[in-house]
Every structure is written in C-alpha cells, then in structure tokens.
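The values are calculated or read from the model by the stated rules, or taken from the named source; none is laboratory data. The model shown is predicted, which means the values in this text are computed figures rather than measured ones. Every residue, glycine among them, receives a Cβ derived from its backbone with ideal geometry; neighbour counts consider all protein chains shown.
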Amino acid sequence: MTQACPATVGQRLDEIETPALLVDLDAYERNLKRMASALEGRAVRLRPHAKTHKSPEIAVQQMAHGAVGVCCQKVGEAEVLVAGGVPDVMVSNQVVGGSKIARLAALAGQARLAVCVDDGRNVAELSAAAAAVGAAGVTLGVLVEIEVGCERCGVAPGEPARVLAAQVAESPGLEFVGLQAYHGNAQHIRTVEERRAAVRRAADLAAETAELLARAGLACPVISGGGTGTLPFDLEAGVLTELQAGSYIFLDADYARNETAETLPGGGFEHSLFVLTTVMSLPRPGRAVTDAGLKALAFDSGPPAVWRREGVRYTGPSDEHGTLEAAKDASLGYGEKLLLVPGHCDPTVNLYDWYVGIRGKRVERVWPVAARGAVA
C-alpha cells in the first residue's frame with residue numbers, strides 16, 4: 001500500500017512530516033545541466049541508471065537533457081519506466097526465469113528493450129520467448145556482458161565473449177547490439193590514480209573484445225558501462241559509447257568521499273538528495289536522537305552526513321532511531337529538523353514512496369517513487 005505523502009505543495013520545509021525523502025530541485029537541475037555540458041560535443045551518449053531514482057518522471061527529464069534512454073536492473077523497473085513514457089530501456093543485468101523472461105519479451109512490443117547475457121542457456125531462453133511473441137514483430141536487443149573487474153556477472157573478455165555474441169546474432173528474435181563492460185568496483189576507489197588505472201584496464205579489455213568481434217564480422221555499435229565515480233576517466237579512455245552514470249543527479253555521501261579529479265566541463269556534481277529528520281529526544285548534553293534510523297536510510301556505504309551543521313555527527317542507527325553527537329558549540333533543539341545526506345542514494349530511495357521536491361524552504365512538487373520495491 002502506498003503511504004500518505006508527507007508533504008503538500010506550498011508547505012514550509014519545517015512543516016514536512018519526517019522522515020521524508022527530499023530533492024533540492026535547484027541542485028538537481030544543475031546536476032542535469034552539468035552532465036549535459038560534460039558530454040556536449042562528444043561521441044559518447046548518456047544512458048543513465050534508473051535504479052538510482054526509480055522514477056519515470058526523472059527518466060523523462062534526463063532524456064530531455066540529452067540521454068538516449070535509461071538502464072535499470074529489473075524487469076519490474078523496466079515495466080514501470082515504459083508505462084511512464086520512457087521509450088528506450090536497457091536492463092543492464094541478466095534476466096533468468098520463465099515468467100520474468102516472458103514479461104521482458106512482452107515489454108519489447110511496447111518500447112525499445114535490451115538486456116544483458118553471460119550464458120548461452122539464457123540466450124536460448126530469451127530467443128524462445130521473443131519467438132513466442134514474434135508475430136508482433138518483437139525483437140529483443142542483447143548485450144554480452146564481459147567481466148572487466150567488477151567480479152560480479154560477465155563472461156570472460158575475448159574469445160568467450162565472441163562465441164556468445166555469435167550465438168546471440170544467430171538466434172531468432174534477438175539482435176546483438178554490443179557489449180556491457182561495467183566496472184562497479186571502480187566507482188568507489190578513493191584515489192584518482194587508482195581509479196583511473198582501473199578504468200583504463202576495463203577499457204582496454206572492452207576495446208580488445210570489440211576488435212575481435214569486428215574481425216569475426218560481428219558489428220558492435222554499443223559498448224556500455226561507466227558511472228558517476230569514474231566519469232572523467234571514462235571520457236578520457238574514449239572506449240565507451242554509452243555511459244551508465246546514475247547517481248550524478250543526487251550525489252550521495254559515499255561518492256563525496258572520493259578524491260576528485262580535474263573539474264568536468266560545467267563543474268562538478270552536488271548533493272541534491274536528502275532525508276529530512278526530526279530531533280525527537282535529547283537524552284543528555286551533546287546527544288540527540290532523531291526519527292531516521294535503519295528503516296529510513298541505507299547504511300551499506302556508511303552513515304549519512306549531517307548537512308551544514310558543523311560539529312554534529314550521525315553516530316549510529318537502530319530500527320527507528322538515529323543517534324547524533326554534537327560538539328559543545330553545536331547544540332541541537334527538541335523538534336529541530338535536520339537534513340541528512342544518505343551514504344548510498346539508491347537503496348535509500350527504495351525505502352520511500354514519495355519524493356518531496358523543495359525549492360528554497362518551500363515544497364514545490366511531490367511525485368511518487370514509482371518503481372519502489374520492483375525487485376523482480
């Protein structure tokens with residue numbers, strides 16, 4: 001059941017029910033423009049990751065700023081995005097299981113759809129499902145995912161990838177469109193030089209595999225990957241044709257811990273996503289308890305940062321509470337509302353039913369996290 005919206009348009013910031021998921025619309029819009037500026041005049045296209053925001057409305061705005069489409073991780077997310085008017089979606093993941101594959105094939109009759117594979121058995125399953133709805137002219141795009149350092153999914157680069165790509169190209173109802181070469185681990189390597197080196201290794205593996213495919217007569221128009229944390233180095237390497245950066249629109253606390261490289265054209269990205277929380281208890285001097293704990297924030301990438309409150313730290317959560325420690329000159333008040341920058345934006349977003357868009361100190365708009373809970 002969708003929960004009641006915590007805010008109404010026109011409310012003041014201090015009137016919003018908490019915990020609430022806030023988007024600073026000014027900062028968010030600057031992030032959209034900065035990404036467009038960073039890619040202006042380049043051959044690479046933006047295919048931002050919708051698993052970050054789970055919102056067709058945001059996806060449409062990203063396309064209005066130059067994105068060719070979006071990617072996501074689950075069929076359920078793709079269904080919500082297509083229903084919300086997104087015409088081009090890539091599931092940058094493997095889809096396994098008869099019912100999910102059937103849903104994916106059916107969705108390919110409504111929009112341009114692509115999916116990733118790393119196993120010949122999965123290719124056969126996708127082909128059979130596409131053939132089952134083939135009378136409607138359905139063709140499912142397929143990318144072969146190669147392992148470039150993420151240590152997750154992916155077939156080995158080189159000859160194993162060529163064999164799988166050839167199987168895709170020969171399978172009814174499928175179209176081989178290229179390679180996925182995503183290096184998720186590189187996004188959070190802290191130092192600039194180590195992050196650059198990881199991207200270079202991944203780019204070399206992708207380029208060598210694409211050259212092997214070309215020699216075998218397999219056109220590879222798309223090489224997709226990259227992310228917010230590696231954006232300058234993805235552009236520098238010049239191998240990817242599509243960038244899957246997603247967190248750039250929000251920029252969480254963990255990305256802010258990365259050592260930054262040279263400034264991108266248009267400037268860097270800034271925090272636009274926050275969890276609004278209320279101080280509900282002052283058990284002793286220097287300590288406060290808020291209403292945002294494990295059920296309001298994701299902690300896999302560490303605690304949230306307290307926004308623009310010098311001397312105040314978020315020190316620990318329980319299910320429904322968050323403990324803050326304050327320096328002597330940074331006292332906190334009963335009922336005070338604070339903004340927290342999530343440690344990891346993607347799973348934090350998935351905890352909420354609503355975005356509350358603020359401009360200055362007022363609510364300007366609210367919209368649903370439409371694909372919240374779409375995990376299948």
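Results for (1) in contact with a strand residue (DSSP E or B) (Cβ under 9 Å, 6 or more places away or on another chain); (2) of a type outside the set (A, V, I, L, M), shown as yes or no for each residue.
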site: D24; (1), (2): yes, yes
site: S37; (1), (2): no, yes
site: R42; (1), (2): no, yes
site: K54; (1), (2): yes, yes
site: E57; (1), (2): yes, yes
site: G66; (1), (2): yes, yes
site: V75; (1), (2): yes, no
site: Q94; (1), (2): yes, yes
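Cβ-Cβ below 9 Å, separation at least six or inter-chain, first residue in segment 283-306 and of a type in the set (K, R), second assigned to a loop (DSSP other than H, G, I, E, B): which pairs?
Listed pairs, sorted by first residue: R287/L332; K295/P19; K295/D319; K295/E320; K295/L351.
Inspect segment 322-337 for any residue being touching a residue at least 60 places away in the same chain (Cβ under 8 Å), in contact with a strand residue (DSSP E or B) (Cβ under 9 Å, 6 or more places away or on another chain), more than 24 Å from C72 (Cβ to Cβ) and in the same structural domain as E17 (by TED's automatic domain parsing) and give the result as yes or no.
Checking segment 322-337: at least one residue is touching a residue at least 60 places away in the same chain (Cβ under 8 Å), in contact with a strand residue (DSSP E or B) (Cβ under 9 Å, 6 or more places away or on another chain), more than 24 Å from C72 (Cβ to Cβ) and in the same structural domain as E17 (by TED's automatic domain parsing).
So, restricting to strands (runs of 3 or more DSSP E) that lie completely within segment 97-187, which ones have at least 2 residues that are touching a residue at least 12 places away in the same chain (Cβ under 8 Å) and closer than 30 Å to A256 by Cα?
Where strands (runs of 3 or more DSSP E) fall fully within segment 97-187 and carry at least 2 residues being touching a residue at least 12 places away in the same chain (Cβ under 8 Å) and closer than 30 Å to A256 by Cα, they are 174-180.
Does segment 327-336 include one or more residues that are surrounded by 14 or more Cβ atoms within 10 Å (Cβ to Cβ) and among the basic types (K, R)?
Looking through segment 327-336, none of the residues is surrounded by 14 or more Cβ atoms within 10 Å (Cβ to Cβ) and among the basic types (K, R).
Every residue in segment 332-370 that is more than 15 Å from E17 (Cα to Cα), touching a Pro at 6+ places or on another chain (Cβ under 8 Å) and part of a loop (DSSP other than H, G, I, E, B), please.
Correct list: P342, G343, A370.
Would segment 292-312 turn up any residue that is within 30 Å of V222 (Cβ to Cβ), touching a strand residue (DSSP E or B) at 6+ places or on another chain (Cβ under 7 Å) and of a type in the set (D, E, K, R)?
no
Conditions: (1) at positive phi; (2) surrounded by fewer than 24 Cβ atoms within 10 Å (Cβ to Cβ). G226 meets all but one. Number of the miss?
The one condition G226 does not meet is (2).
Among the listed residues V70, V82, which satisfies the condition of being in contact with a His (Cβ under 9 Å, 6 or more places away or on another chain), crowded, with 19+ Cβ neighbours inside 10 Å and either farther than 19 Å from Y355 by Cα or not assigned by TED's automatic domain parsing to the domain that holds V349 (or both)? Even if it seems obvious, please write down each step before you answer.
Values: V82 fails: in contact with a His (Cβ under 9 Å, 6 or more places away or on another chain).
One residue alone meets the criteria, V70.
State which residue is surrounded by the fewest Cβ atoms within 10 Å (Cβ to Cβ) when the search covers only segment 181-193 and only residues that are touching a Gly at 6+ places or on another chain (Cβ under 6 Å) and closer than 30 Å to T139 by Cα.
Taking the candidates together, the pick is H183.
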